[in-house]
Amino acid sequence: MSDNLFSALRAAFPADLDQVAIETADGPPLHYTWRDLERGTAMLANLLESLDLPAGSRVAVQTEKSVEALMLYLAVLRAGLVHLPLNSAYQSAEMAYFIGDAEPAVVVCAGRSFGWVSKLAFSAGTAHVFTLNDDRSGSLLQRAAVHSDQHAAADREAGDLAAILYTSGTTGRSKGAMLTHANLLSNARVLKECWGWRTPEQGGDVLIHALPIFHVHGLFVASHGALLNGSKMIWFSKFDPQAVIARMPEATVFMGVPTLYVRLLAEPALNREACRHMRLFISGSAPLLIETFDAFRERSGHTILERYGMSETVMLTSNPYDTTQGERRGGTVGRALAGVGVRAVGEARGLCATDEIGAIEVRGPNVFKGYWRMPEKTREEFTADGWFKTGDVGRIDAAGVVTIVGRSKDLIISGGYNVYPAEVESVLNELPGVLESAVIGVPHADFGEAVVAVLVARPGAAPQAGALIAALKAQIANFKVPKQLFIVTDLPRNAMGKVQKNLLREQHKGLFGG
């Protein structure tokens, strides 16, 4: 039997394929049935197969969120190819790197980006570039429309690649985390059980899907959760707090990053009556402030379930859904999921004692296969006994509950998006008048963390903060651009000459009222 992830998701579709699977929440509602998903993914998979691509070919996708973009992901799985989702905010230099590194056989982009994306793709040797827009237009759908709506899913082994997600450290180039069919399916099945997804006989579940689909949270955790349970999704192309609250009486599950919960709390309409039909609110991708956790419980009557994962591992831990297994504790990320190992290790490589802070390491069927074309880096990130070094720092209590206290690599998570200081610094240091820079994250009530830059000007130069920020916006995604930029005479350093970012974070921690 094939281990293709698509086949497992397809097997979970309800018997009545004419039920609504996805209803759009933007503008006049569109209703996609399970049959539409079956037929649409078949046509797209047949289009991909007609291109006679080599085995294991990557399909890079940089589009706005749409149901068709989700169907493209499923079609890539169905055809046995490798999905490469890319943030729609990425600019030319970033896209050039990803396309050059992954060497995709197919690139799908928004129509408005076709000119510059196709130039990058063709120059890198990509043979096929299609467009897909959020209004169901574009060459991808036009080409797929002539293909059959019948398709037998490609046979795949459990260890075959299903997706590559680009992540990074604080130094060096971005890394492509290789996730297999088994990685993704094992995690989806564990989460279905862990979070109590309800069968139709139990009343069913309806998911409000308001996350992007270019990263783990929206594409894998949310989408797989609904698909594997045969549950309807209410689909928001962009998060709108008022509109989300208005749809809660029709839904039971919501997943969001902390920023979304802050924005929901800013709406007077969020109250217990609005949330009376909801079963579960899940938060992840960034630390949830205890103030947000408490305020949401008070206003909605629901206790947010926090969990912990990363691009390389999908989900690792979760607070309990079933309150008989313990309370959901703010500021913690719960216990290891079934089949997942989590440990804290001290600097001398010994296991930490209970509640002792150490480096978090993990293992399990959800842990990725390695970094794309980086065997040395892959070896570095795994211990001799096969545990993956997450780069996070935390502690584990006597009950096995994990608390993440920081990140060893200075990663900034702003609004649920990863920002790597070294990347922003490398761009900033190339701008006129900049001698050197340090990029840090500081507390922010809305975004969790805000990006802040501190720089030293070249002798005789007088760069202006506004002009530097404008220059950065033209080169990197907006979520990476510093919200504030300070020009100083020198950066604090230790005896070894290393910039002491901890001092900068302490100095600027109150910038945004954090």
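The values are calculated or read from the model by the stated rules, or taken from the named source; none is laboratory data. Since we're looking at a predicted model, the values are computed, not measured. With ideal geometry, Cβ positions are generated from the backbone for all residues, glycine too; neighbour counts draw on all protein chains shown.
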Looking only at segment 28-56, how many residues end up being surrounded by fewer than 17 Cβ atoms within 10 Å (Cβ to Cβ) and more than 27 Å from the chain's Cα centre (by Cα)?
6
With the checklist (1) buried (at least 21 other Cβ atoms within 10 Å of the Cβ); (2) part of a helix (DSSP H, G or I) in hand, flag the one item THR390 doesn't pass.
(2)
Exactly one condition in (1) touching a Cys at 6+ places or on another chain (Cβ under 7 Å); (2) among the aliphatic types (A, V, I, L, M); (3) surrounded by 22 or more Cβ atoms within 10 Å (Cβ to Cβ) is not met by VAL340; state its number.
(1)
Would you point out the residue of segment 224-278, among those that are among the polar types (S, T, N, Q), in a loop (DSSP other than H, G, I, E, B) and touching a strand residue (DSSP E or B) at 6+ places or on another chain (Cβ under 7 Å), that is surrounded by the most Cβ atoms within 10 Å (Cβ to Cβ)?
SER231
Sort out for me the strands (runs of 3 or more DSSP E) sitting completely within segment 433-495 that have 2 or more residues that are in contact with a helix residue (DSSP H, G or I) (Cβ under 6 Å, 6 or more places away or on another chain) and surrounded by 16 or more Cβ atoms within 10 Å (Cβ to Cβ).
434-444, 448-457
GLU312 fails exactly one of (1) within 20 Å of PHE220 (Cβ to Cβ); (2) charged (D, E, K, R); (3) in contact with a helix residue (DSSP H, G or I) (Cβ under 7 Å, 6 or more places away or on another chain), namely (3)
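Listed here are the residues, each with its yes/no results for (1) over 21 Å from the mean Cα position of the chain (by Cα); (2) more than 24 Å from ALA163 (Cβ to Cβ).
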{"position": "LYS377", "(1), (2)": "yes, no"}
{"position": "TRP387", "(1), (2)": "yes, no"}
{"position": "VAL401", "(1), (2)": "yes, yes"}
{"position": "ILE413", "(1), (2)": "no, no"}
{"position": "GLY416", "(1), (2)": "no, no"}
{"position": "TYR420", "(1), (2)": "no, no"}
{"position": "VAL424", "(1), (2)": "no, yes"}
{"position": "PRO459", "(1), (2)": "yes, yes"}
Number of the exception - ALA152 against (1) touching a residue at least 12 places away in the same chain (Cβ under 8 Å); (2) under 18 Å from ASP52 (Cβ atoms); (3) out of contact with any Asp or Glu (no Cβ under 8 Å at 6 or more places or on another chain)
(1)
Pairs returned, first residue in segment 309-324 that is within 16 Å of GLY391 (Cα to Cα), second residue that is surrounded by 24 or more Cβ atoms within 10 Å (Cβ to Cβ) and among the polar types (S, T, N, Q), beta-carbon separation under 6 angstrom, 6 or more apart or interchain, are THR313/ASN366; VAL314/ASN187; VAL314/ASN366; MET315/ASN187
Does THR63 meet the test of being at pLDDT 95 or above, within 25 Å of VAL244 (Cα to Cα) and out of contact with any His (no Cβ under 9 Å at 6 or more places or on another chain)?
yes
What are the residues in segment 363-387 that are in contact with a strand residue (DSSP E or B) (Cβ under 6 Å, 6 or more places away or on another chain) and in a helix (DSSP H, G or I), if any?
LYS377, THR378, GLU381
Residues GLY326, GLY334, GLY358, GLY301: which one is among the small types (Gly, Ala, Ser), modelled with pLDDT of 95 or more and touching a Gly at 6+ places or on another chain (Cβ under 9 Å)?
GLY334
What number of residues within segment 6-46 satisfy the criterion of being touching a Phe, Trp or Tyr at 6+ places or on another chain (Cβ under 8 Å), closer than 24 Å to ARG143 by Cα and of a type in the set (Val, Ile, Thr)?
3
